[in-house]
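First comes the structure, then the notes that go with it.
The values are calculated or read from the model by the stated rules, or taken from the named source; none is laboratory data. Quantities reported herein were computed from a predicted structural model and do not represent experimental measurements. Neighbour counts are summed over all protein chains in view; Cβ atoms, including those assigned to glycine, are modelled from backbone coordinates with ideal geometry.
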Amino acid sequence: MIFSNIKNRIKYNNTMYLIFFFAGALPLLSSIIILQQTGNDYENQIAAGAGLGSICVFITFYFIFFYYKNTKYSNLISATKEKGGSLNTVVSEISLKSVGTTKPVKADWVPRQSRQGKRVLIANDDELETNILKEKINDLGYSTYSVNTGNEVSEVLKEESSRPDMVLLNTKMPEISGFAITEQLRKKYTAEELPVILIISNNQQKDIEKCFLLGANDYITKPFVLHELEHRVNNQFLLQAAQKNQDRVSNIDNDLLLTKKLRNNIIPKNLPEVTGLSLFLTKKPLDSAGGDYYDFLQNEPDKLGVLLCDFSRHGIAATVVTAMLKIAFEQQESLGDSPAHLMTQLNYVMADYLGALPVTATYAYFDLSENSLLYTNAGHSPLVIYRQKERRSIQFNMETKELGFNSETAYEVKKISFHSQDRVYMYCDGILESKNLDGEKFGLDRFLELVRDKAGIAASKVGDEIIRSLKKWTGNKEWPGDDITMLVIEID
């Protein structure tokens, strides 16, 4: 078939005469030169003739191959001219044969499920190069699919199920250049959503600059350096993953900020004013979504109910449950003077919501008319009172379960008398469970001693002094490891 095509082309292109010159005239000329140089030396004549003959055969076949490859459309042009057609008709026929139909392309990824779970679309019109790229990218653990023209890239992206995670795109593509395709892609996808690596044929600075100006993430040059290709593809996926993680972190930060605002609205902004009592609050939250909650009930000027809760977890879930607990607490206003009943009712109402989020709680009801308080506890740190006249600290504990442990749990109550200048300490376990560098907990005994040592400090400042001493004892710059919340209530 090759020789038939050559025969048909002779009458349209004189280049074939050059081929036959190399095939016939050059060997004859070579023979004359050999005879003149070698005389009667037949061995040298044979050797030289064989060498020159091989060269002539190689050159002849090279020209035949080159000519055949670069004139593959001559038959079509000749036939069109003989039929009275125009050059536009020829171009149209060639384009149709090259491009084919524009039916939607459904990518058949190879392999369908890659180790990395990522898919790379290769757009390149050189089959050998494409196969090299596919083999290397498959070895990296990614699926690949290849197209030959720029329009096919758009067709693949029309199907959302076929959308790749990266496009490897040759800048010199049939129909539409890789630069133009990149510009189109950036109108729809950001560099993070769909990374594009352009293939350029040289290392010219203007082409490299154009890559980045049009929104490409990176580039590779021909001929390919496979380890460079590996690093550039992997790096783009690593950057993509890092950006997604950054977006998640940003969303989490926004959620935590919203959570903080919500908690600030849940927790009372001001401490109540009660005749005969002075209240002081000290708190050092672990993070923006702290896990401690306090609230108050006040029906009469000389009476006050104080609730303090400690959640085992922080974050959005704790904030939501805190909001629910606040609603439940406010609904028990009529039980404010009956701590045991109030805590039992809170436990019953919240049991279904606290199973995975245990909450400890303590509640004290101060009655200035009787110089006493009623106290109950749900798995919380003991109530501590410093007796000013006796100069000693006393702790009041109850062996009870936290809220949500069992909906049928019933809580007890203790009645405790107080006197002028006595101080009542209600606090969360972040104080007792603080650890020093040896891993030793601060504990209740040290706290009782610290309360006694700080008795001479004004009630308005004693909380800060206790926190300062506690931090010094831990010797840990990262302290606290939990929320620190403490209410100091002094009897006037």
TODO: Examine the range 261-279 for a residue that is within 28 Å of the chain's Cα centre (by Cα), more than 30 Å from Asp302 (Cβ to Cβ), at pLDDT below 85 and of a type in the set (A, V, I, L, M, F, W, C), and state whether such a residue exists.
DONE: yes
- [ ] Sort through Ser393, Ser417 and tell me the only one that's closer than 30 Å to Asp337 by Cα and surrounded by fewer than 16 Cβ atoms within 10 Å (Cβ to Cβ).
- [x] Ser417
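Is one or more of the residues making up the range 162-183 part of a helix (DSSP H, G or I), over 19 Å from Val110 (Cβ atoms), hydroxyl-bearing (Ser, Thr, Tyr) and under 25 Å from the mean Cα position of the chain (by Cα)?
Just the residues of the range 162-183 that are part of a helix (DSSP H, G or I), to begin with: 162, 178-183.
Applying the additional criterion that residues be over 19 Å from Val110 (Cβ atoms) yields 178-183.
Then drop every residue that is not hydroxyl-bearing (Ser, Thr, Tyr), which leaves 182.
Those left that are additionally under 25 Å from the mean Cα position of the chain (by Cα): 182.
Within the range 162-183, one or more residues are part of a helix (DSSP H, G or I), over 19 Å from Val110 (Cβ atoms), hydroxyl-bearing (Ser, Thr, Tyr) and under 25 Å from the mean Cα position of the chain (by Cα).
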Task: Residue among Asn299, Asn377, Asn347 that is under 19 Å from Met426 (Cα atoms) and not aliphatic (A, V, I, L, M) - done: Asn377
Task: Within the range 396-413, considering residues that are crowded, with 16+ Cβ neighbours inside 10 Å and polar (S, T, N, Q), the one nearest to Val462 (Cα to Cα) - done: Thr400
TODO: For the range 344-364, state whether one or more residues are touching a Ser or Thr at 6+ places or on another chain (Cβ under 7 Å), at negative phi, touching a residue at least 40 places away in the same chain (Cβ under 8 Å) and small (Gly, Ala, Ser).
DONE: yes
- [ ] Could you tell me which residue of the range 285-314 is modelled with the lowest pLDDT, considering only residues that are surrounded by fewer than 18 Cβ atoms within 10 Å (Cβ to Cβ) and under 15 Å from Ile267 (Cα atoms)?
- [x] Ser288
Task: Single unsatisfied condition, Glu449 versus (1) part of a loop (DSSP other than H, G, I, E, B); (2) farther than 20 Å from Leu279 by Cα; (3) over 47 Å from the mean Cα position of the chain (by Cα) - done: (1)
TODO: Answer yes or no as to whether Leu374 is surrounded by 20 or more Cβ atoms within 10 Å (Cβ to Cβ), over 49 Å from the mean Cα position of the chain (by Cα) and farther than 25 Å from Trp479 by Cα.
DONE: yes
TODO: Determine which member of the set Gly443, Gly456 is within 30 Å of Leu342 (Cβ to Cβ) and not hydrophobic (A, V, I, L, M, F, W, C).
DONE: Gly443
- [ ] Among the residues of the range 120-148, count how many are among the polar types (S, T, N, Q), over 12 Å from Val167 (Cβ atoms) and surrounded by 17 or more Cβ atoms within 10 Å (Cβ to Cβ).
- [x] 3
Task: Condition check for Leu470: part of a helix (DSSP H, G or I), under 46 Å from the mean Cα position of the chain (by Cα) and surrounded by 16 or more Cβ atoms within 10 Å (Cβ to Cβ) - done: yes
Task: Residues of the range 184-200 that turn out to be surrounded by 13 or more Cβ atoms within 10 Å (Cβ to Cβ) and part of a helix (DSSP H, G or I), as a count - done: 3
TODO: All but one of (1) in contact with a strand residue (DSSP E or B) (Cβ under 6 Å, 6 or more places away or on another chain); (2) assigned to a helix (DSSP H, G or I); (3) modelled with pLDDT under 90; (4) surrounded by fewer than 20 Cβ atoms within 10 Å (Cβ to Cβ) hold for Asn151, so report the exception by its number.
DONE: (1)
- [ ] Taking Glu465 as the residue in question, decide whether it is charged (D, E, K, R), loosely packed, with under 14 Cβ neighbours inside 10 Å and over 30 Å from Gln345 (Cβ atoms).
- [x] no
TODO: State all residues of the range 365-378 that are of a type outside the set (Val, Ile, Thr) and closer than 14 Å to Leu335 by Cβ; if no residue qualifies, say none.
DONE: Tyr365, Leu374
- [ ] Determine which single condition Asn203 fails, assuming it passes every other condition in (1) surrounded by 14 or more Cβ atoms within 10 Å (Cβ to Cβ); (2) touching a strand residue (DSSP E or B) at 6+ places or on another chain (Cβ under 6 Å).
- [x] (1)
